[in-house]
1. What spacing in nm lies between the two simple spin-label points modelled at A:LYS137 and A:LYS178, each 7 Å away from Cα in the Cβ direction?
2. List the distances, in nm to one decimal, from the label point of A:LYS178 to the label points of the same position in every other copy, shortest first, placing each label point 7 Å from Cα along the Cα-to-Cβ direction.
3. I need the Kirkwood Rh of region B:86-215: take the reciprocal of the average 1/r across all distinct C-alpha pairs and report it in angstrom.
4. What's the percent breakdown of Cα-Cα distances in region B:1-65 across 5 Å bins, shortest bin first?
5. For region B:45-99, build the convex hull from the C-alpha positions and give me its volume per residue in Å³.
6. When the convex hull of the C-alpha atoms of region B:196-256 is computed, what volume per residue in Å³ does it have?
7. When you look at the Cβ of every residue in A:157-164, what mean number of other chain Cβ atoms sits within 10 Å?
8. Using just the C-alpha positions of region A:1-136 as equal point scatterers, what log10 of I(q)/I(0) does the Debye formula give at each q in 0.14, 0.18 1/Å?
There are 2 protein chains.
Amino acid sequence: MAKPKILVTNDDGVEAPGLRKLIEFMRKLGNVYVVASDRIMSGTGHAITVRTPLRVRELHKEAGYEEYVCDGTPVDCAKLGIEVVIGHKPDLLVSGINHGSNASINVIYSGTMAAVLEGCIDDVPSIGFSLLDYSFKAEFNHCEPYVQKIAGNVLEHGLPTGICLNVNIPAVDGEEIKGIKVCRQAKARWVGKFDARRDPAKRDYYWLTGHFENKDEGEDTDQHALENNFVSVVPVHTDLTAHHAISELNNWKLNG
Amino acid sequence: MAKPKILVTNDDGVEAPGLRKLIEFMRKLGNVYVVASDRIMSGTGHAITVRTPLRVRELHKEAGYEEYVCDGTPVDCAKLGIEVVIGHKPDLLVSGINHGSNASINVIYSGTMAAVLEGCIDDVPSIGFSLLDYSFKAEFNHCEPYVQKIAGNVLEHGLPTGICLNVNIPAVDGEEIKGIKVCRQAKARWVGKFDARRDPAKRDYYWLTGHFENKDEGEDTDQHALENNFVSVVPVHTDLTAHHAISELNNWKLNG
């Protein structure tokens, strides 16, 4: 039987240790094609490059393994991987392992998950993996059984149409992890603040800072699972419609 | 009674005709604060600037009207407008009027809607307006009654918690518009293709191209409303969870 084709990308750039680990894990499951950005693209959201040309460079090619770097965003990487590098839909797209959480509201800002959503739009079974440790020296080895288990299940079962997965992994010793929980996205947010500073030429500038605030007390959320040392799996889709609000808005006199 | 404070931003940059029109419309409803980018930020998705400092420059200030330009993304503009320029939550955030559709899947790629989602995360009633015409010479005058009606309703009623609005307006003569419809986001997508070219130095590069494909035949979608000359209003939220898929994933043996 032909080995599955697996497209691997991320938003921390081609040299990120999290990407290198994900490549290592995926090579045990199939033929791997890597398309990653030449720069750190963290916080790029669902940006696409439409105003400048994209360049793709081959870094490595052998039987069962190809690696490319490009100058685009994670969404560009996903699109280039499918359309240009592989030339058709892979059996699986994985993005990560991100250095830092993409749970709860972080999914909105995440380049890692943007690549995953793009795969999902293109009907490719797609998973984003993130570790709750921002450090480039983070320890990823304990992620392997969970990454393999979830990716293996998706290769076996596929995913429901229009659904992709947002997987987050606690940054604890492997034996402390209690298992995998399917969750909903917690209603949390970043409370942004700007740090006002003055440069050497006496011009003002601002750095964005902020703290994470979770007022969602549900026990079925990704944040709750992660705080209790479970790996969280949130099924994600690209329909942003707040369906429950449609009837309320229909009570407004918009056509009066 | 104090006039409402209205924050205006967009993703086509401070000079875009659609922004100038939205400012004109909003000045009839309240005190207006404009924070827009110095560049075109179309297709930036929910990008935020965390790795470089942001600069804000005052362009105009008079009683009831202030205008600033910054070097960030639409999400940065929304955050700077709330935190730095106004210093507290405005009564309304509006983004647009975008030159081009943000209906259906476009909401995912849209900088216009990213600013709106950011306002929504910060509990500010927020609306994105888009016209179905990409041209910078587009005609916006027929948008006024619909923009005023929808913004007026939001100022009067507020919005349900966690909900913002994605409003799209057909590019037709004003009298052809049949009214306003509250809709769901159509399940459509862009089928991406890359145009492979070679530069004068004989290096390959790619331009992203593509066509829009809508296989959603529902009569309750934004695409259907727009094709029938209605203004579409989709209530949007930041919860990407595909709630209906949770039970299906729980059937997988993830902890076996």
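A short reminder: the numbers here are calculations on the coordinates, not readings from a lab. Given the structure is predicted, the values throughout are model-derived calculations rather than measurements. Note: ideal-geometry Cβ built from the backbone for every residue, glycine included; neighbour counts use all protein chains shown.
1. In this crude spin-label approximation the distance works out to 3.1 nm.
2. From this label point to the equivalent ones elsewhere in the assembly: 5.4 nm.
3. Kirkwood hydrodynamic radius for region B:86-215: 16.7 Å.
4. 4, 15, 24, 24, 16, 11, 5, 1, 0
5. Hull volume normalised by residue count: 109 Å³.
6. 260 Å³
7. On the way: counts 4, 0, 4, 5, 2, 3, 5, 3.
Shielding by partners across A:157-164 averages 3.
8. Evaluating at q = 0.14, 0.18 Å⁻¹ gives log10 I(q)/I(0) of -0.52, -0.89.
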